[in-house]
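These notes concern the structure reproduced below.
Values quoted throughout were computed directly from the atomic coordinates according to the rules given, and no laboratory measurement underlies them. Keep in mind it's a predicted model, so treat the numbers as computed, not measured. Because the Cβ atoms are built from the backbone with ideal geometry, glycine has one as well, and the counts that use them run over all protein chains shown.
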Amino acid sequence: MAEPRHPEPVYQTPDWETPSHPPRASLLDRIKEFPRRRNAPLFVRAPSDGTQHAPAKEGEQHEGAAAAAAAAAGGPPIRSPLQRRLDAVLPPHRTYLGGRSRRFLLLCLAALLLVVVLALAIGLGVGLSHKHSRTEKLPLPSNHGVFTGDLTYYGPGLGACGITSTDSDAIVSVSHITFDAAGANRDGGGNPNANPLCGKKIRIQRDYKEEGGAGGGNRSVDVTVVDRCTGCQPADLDTTISVFTQLAPEASGRVLMSWAWLE
């Protein structure tokens, strides 16, 4: 008679020997899992039933294929670095300007920037027109008329136009304001020798009176522009002693005169 067979004893692991952590994945399993984790979005849109998902921790975004598929189906688009910086400075969930949304704040900033740009453009246009009107008031050859200013004399030499003159020459130095304004309207006007006023003719007129108040009648002298006077106002002229004494006594030093362009 055969002996009865008893089942082999099965060893059951006690509860205290049960491992508390899942087995560590091998290197090959990690390499296979990396593309799925890299392409998964950081957040999952809340489901329609009202439940909420907790934000994923760093390195644990959407573990498992089911979570990745749900994120791909309903997750928000990936935000650009600029959008992330904007969210860091102006969080979209906060309110601004007394309960207004971030969109309203950005629209206000854009409108303010537009107003500033328009103000700068208008100011620049007004400044250019003012400069143009100021140029029109200067005694330039384009302004036909008679101008009134002070007449003085100086010792000439090599002038701004590149011409060397002497005391006996009928030459004149015009105001630096007028001289520079004419040069600014010419290409390459930085070279004073190429200033369009150089060589222009001027007729100076004055009612000459002798010392003591004796009348001498109206006199005029034609002179040529060869220099730039740094101490003269726009309508002032600085000439040689030979020209000055034809219009006023040398001792006067500075007299009032009128003048006009001949061309």
Provide, for q = 0.12, 0.15 Å⁻¹, the log10 of I(q)/I(0) from a solvent-free Debye sum over equal Cα point scatterers in the range 147-261. -0.40, -0.60
Sorted by chain and number, the residues with a modelled amide H under 5 Å from that of residue 171, at a separation of 5 or more or across chains, are 224, 240
Counting sequence-distant residues (5 or more places) and residues on other chains, those with an amide H built under 5 Å from that of residue 165 are 157, 158, 159
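Extension gain residue 113-residue 256, at 0.36 nm per residue separation less the Cα-Cα distance, in nm?
Details: separation 143, 0.36 × 143 = 51.48 nm, distance 5.31 nm.
Extra length from residue 113 to residue 256 when fully extended: 46.2 nm.
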Which value in nm describes the separation of the simple spin-label points at residue 246 and residue 105, placed 7 Å from the Cα toward the beta carbon? 7.7
Would you calculate the separation in nanometres between label points at residue 191 and residue 121, each defined as 7 Å from the Cα along the Cα-to-beta-carbon direction? 3.8
Phi angles of the range 231-240, converted by Karplus (6.51 cos²θ - 1.76 cosθ + 1.60, θ = phi - 60°) into ³J(HN,Hα) in whole Hz with x for Gly and Pro, give x, 9, 6, x, 9, 7, 10, 10, 10, 7
The residues 166, 152, sorted from fewest to most surrounding Cβ atoms within 10 Å, come out as 166, 152
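By counting other Cβ atoms within 10 Å of each Cβ, how are 140, 256 ranked from fewest to most? It would help to have the intermediate numbers written out before the result.
On the way: 140 19, 256 11.
Neighbour counts put them in this order, fewest first: 256, 140.
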Residues whose built amide H sits under 5 Å from the amide H of residue 153, excluding neighbours closer than 5 in sequence, are 239
